[in-house]
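This report refers to the structure that appears directly beneath it.
The values are calculated or read from the model by the stated rules, or taken from the named source; none is laboratory data. All of these numbers come straight from a predicted model, not from anything done at the bench. Cβ atoms come from the backbone with ideal geometry, glycine included; neighbour counts cover every protein chain shown.
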Amino acid sequence: MDALKQSQAQLRRAPERPFLPPETPLSMLPCRLDRAAEVRHSPLHAGTTLIVRRLFIFVGTALLTLAGGYGMYDVVKVGGVTSLEALLLGLFLVLLAWVAFSFMSALAGLFVLLTRRQPSLQIVTTGPLPHVTSRTAMLLPTYNEDPHHVMARLRAIYESIDATGYCQQFDWFLLSDTTDPDIWISEEMAFIALCRACGGDRLYYRHRSDNTARKSGNIADWVTRFGAAYDHMIVLDADSLMEGDTIVRLVHAMERNPTCALIQTQPVIVNARTLFSRLQQFAGRVYGPLITAGNAWWHGGDGNYWGHNAIIRLKAFAAEAGLPELRGRKPFGGHILSHDFVEAALMRRAGWAIYMVPAIRGSFEEVPPSLLDFAGRDRRWCQGNLQHLAVLPTRGLHWVSRLHLLTGIGSYVTAPLWLLFLLVGLLISLQAYFIRPEYFPKGFSLFPTWPQQDPVLAAWVFAATMGLLVLPKLLAYLVLISNRDERTGFAGSFRVLAGVVCETFVAALLAPCMMILQTKAVMEILVGRDAGWQVQRRSDGQLARGEIYRKLTGPTLCGLALSLCAYAVSLPLLLWMSPMVLGLLLSIPLGIMTSSRLRSPGVFATPETNDTPAVVRRANELAASAPAEMPGALRQLKRDPELLGEHLDSLPLASPRRFGAINVHLATATAKVAECESLEDAATWLDKRELLAVLGHPTLLRRVLEMPPGKQG
């Protein structure tokens, strides 16, 4: 009772440091997809150099596809092209074009990295920090994440910017969409501790009780309430880290380029601990620069947005990137899940430039620790990207923006296409084995038509296709060892080569399983199953064996069926398909093995594991000092009067409600509280949704906290 009276006394006076600054609204309305946007300044046009670059990419892709398609036609044309063979040829052309397109971008990246030129926006990445005068908001949206680790990363970035001397140009917002009541209160407590540690008055926290439109709605809500006070915003993920030096240089680049709406960095993966995450960390660090440099080379100012670790001009974002709700039912209708691609396309539609700048370092992120965690996140991305089918017809989009949307769609559609290609080829083999060939066709013929095969030509076509997949990895390796600093950071060229070989081998085994999981995701979406928005696991990836067996039994059974069908034709066919079949049959052992934690990175070491960047090291140090397990939300508020005062002060004066709408969870919670005799009864009896309603209702919360503690069971 004393604690509650003390907190109420705190509420009667103005808080020393409010959770939020005064509101500075900025209008942000949903855009129209059926109407072209007004171009608010001189639109960006591709120069002659950029046109030549794009011709190189697309003409090269077309030539490689035609050459491969002609070779494949020579393989299937013997005796005439049947319907199945025509389908096989069509699938091959589509898939080869996809592979050739990636290969040409990698080839462009080879040129860029060997010449060491910045292919798009010029940013000075070395030397003294430039002077900046604009105001920037650092936004960290969070959803049921570990509050201690979130605050550790936020504090590490804050301290890094503070060291640059430009801390007064930045405000920090933790934008919570958390729906777990215990995590909500833990967030507030961790935020209070963060403010004490940093001693700054530019740290703010906002909890949104109605997380409409998820992350995009979270950002839009902030823009409409506080956006007018800032020139730019930098959007982070819960696992993001950025160095202060990098952030200041990004702000300066925006000040120098007034027609630029967004600059996307290339985040480097850090803190990988399991075999699966170390594979991704190594692959991203070795091959990633080649691909992103090539893409930036021909994208120019028509780039894309990856949703985090990017700086955005608020004027452009608020005016052009308001997302509409798509027509129809989920999963294709409703709020857009993969919002980043669409936001970039809408700003580019109005004439603003979007740049990818891979040359700037100091941007970091983490990845899912296991195959199943990766597949879970991938399922949500798959649904979001397939939603872009409804965005493609948008009036006025730049053709490169449409290509970005198509690329996102294709990254998931190609999985069922590869599976269909495999099944059609197997069906042709089964047909040839079990159906008697027609040696004498209808009509007059002096000689029979003998079935003919050219296994040598088929092998060459297969080898050429695999070469287009593997060669970019070798090109990336050659670029890496040609750079002395990079070679030293990886601890030698031979160690990197060993890592490339091992990564290629393990990735080849994992690829068939991912093909099945992505195909399953596409099929679920096509039949109308919504993915929802699950909390992402960021631990060391140790999974329950039962979960692995349950989720990877499907790929294993697919591998068994394919191997039996191939063996029914011939042993050579089974051997030919062994890389695919082996990966599927070993899905469960691979799932267990790759989710296990590694003591050292071994051949998968990167410069960031050999010499941890300062901001990453600081975040890890802060995260390591984890607090003791926190009690439940009600017990913690009862125990900590300062926390209670801050929590009550952060709540809105009145919850917005539609006329006639009833908050079912609040009504149920009110009825339950009336029956409770102690705080412990309320903590035990209220479910999470009801407890969330209590925490958002000051009067009911006070009533609960006035109850005697009771006995904990």
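So, in segment 459-507, exactly how many residues are hydrophobic (A, V, I, L, M, F, W, C) and either more than 28 Å from residue 74 (Cα to Cα) or in contact with a Lys or Arg (Cβ under 7 Å, 6 or more places away or on another chain) (or both)?
The number of residues fulfilling the criteria is 19.
Beta carbons closer than 8 Å, at least 6 apart along the sequence or on distinct chains, pair a first residue in segment 622-647 that is surrounded by fewer than 16 Cβ atoms within 10 Å (Cβ to Cβ) with a second that is assigned to a helix (DSSP H, G or I) for 626/148; 627/148; 639/3; 642/7; 642/10; 642/192.
Among the residues of segment 239-274, the one identified as touching a helix residue (DSSP H, G or I) at 6+ places or on another chain (Cβ under 7 Å) and among the acidic types (Asp, Glu) is 243. Number of residues in segment 46-82 that are over 23 Å from residue 106 (Cβ atoms) and either at pLDDT 95 or above or surrounded by 18 or more Cβ atoms within 10 Å (Cβ to Cβ) (or both) equals 2. Search segment 674-713 for residues being in contact with an Asp or Glu (Cβ under 9 Å, 6 or more places away or on another chain) and loosely packed, with under 15 Cβ neighbours inside 10 Å, and hand back the single one that is farthest from residue 650 (Cα to Cα). The qualifying residue farthest from residue 650 (Cα to Cα) is 713.
Considering (1) under 21 Å from residue 283 (Cβ atoms); (2) buried (at least 16 other Cβ atoms within 10 Å of the Cβ), the lone condition that residue 504 does not fulfil carries the number (2).
Every condition in (1) farther than 25 Å from residue 545 by Cβ; (2) part of a helix (DSSP H, G or I); (3) of a type outside the set (A, V, I, L, M, F, W, C) is met by residue 591 except one, and the failing one is (1).
For segment 132-158, the candidate set comprises residues that are in contact with a His (Cβ under 7 Å, 6 or more places away or on another chain) and of a type in the set (Ser, Thr, Tyr); within that set, the residue that is surrounded by the fewest Cβ atoms within 10 Å (Cβ to Cβ) is 134. Within the set 185, 161, the sole residue that is among the hydrophobic types (A, V, I, L, M, F, W, C), in contact (Cβ under 8 Å) with a residue 40 or more places away in the chain, buried (at least 23 other Cβ atoms within 10 Å of the Cβ) and more than 20 Å from residue 206 (Cβ to Cβ) turns out to be 161.
Restricting 121, 110, 129, 139 to those that are farther than 20 Å from residue 263 by Cβ and touching a helix residue (DSSP H, G or I) at 6+ places or on another chain (Cβ under 9 Å) reduces the list to 110.
Pairs meeting the criteria (first residue in segment 550-563 and closer than 10 Å to residue 588 by Cα, second residue assigned to a helix (DSSP H, G or I) and among the small types (Gly, Ala, Ser), beta carbons under 6 Å, at least 6 apart or on different chains) are 552/587; 552/591; 555/587; 556/587.
Suppose the filter is more than 30 Å from residue 191 (Cβ to Cβ), touching a Ser or Thr at 6+ places or on another chain (Cβ under 6 Å) and buried (at least 18 other Cβ atoms within 10 Å of the Cβ); does residue 555 pass it? Answer is yes for this residue. Looking at residue 105, is it within 27 Å of the chain's Cα centre (by Cα) and either part of a loop (DSSP other than H, G, I, E, B) or modelled with pLDDT of 95 or more (or both)? It is true that residue 105 is within 27 Å of the chain's Cα centre (by Cα) and either part of a loop (DSSP other than H, G, I, E, B) or modelled with pLDDT of 95 or more (or both). Meeting the requirement of 3 or more residues that are closer than 30 Å to residue 598 by Cβ and either under 18 Å from the mean Cα position of the chain (by Cα) or modelled with pLDDT of 95 or more (or both), the helices (runs of 4 or more DSSP H) wholly within segment 285-400 are 371-387. Going by the conditions given, is residue 241 buried (at least 24 other Cβ atoms within 10 Å of the Cβ), in contact with a strand residue (DSSP E or B) (Cβ under 9 Å, 6 or more places away or on another chain), under 24 Å from residue 610 (Cα atoms) and modelled with pLDDT of 95 or more? Yes, satisfied.
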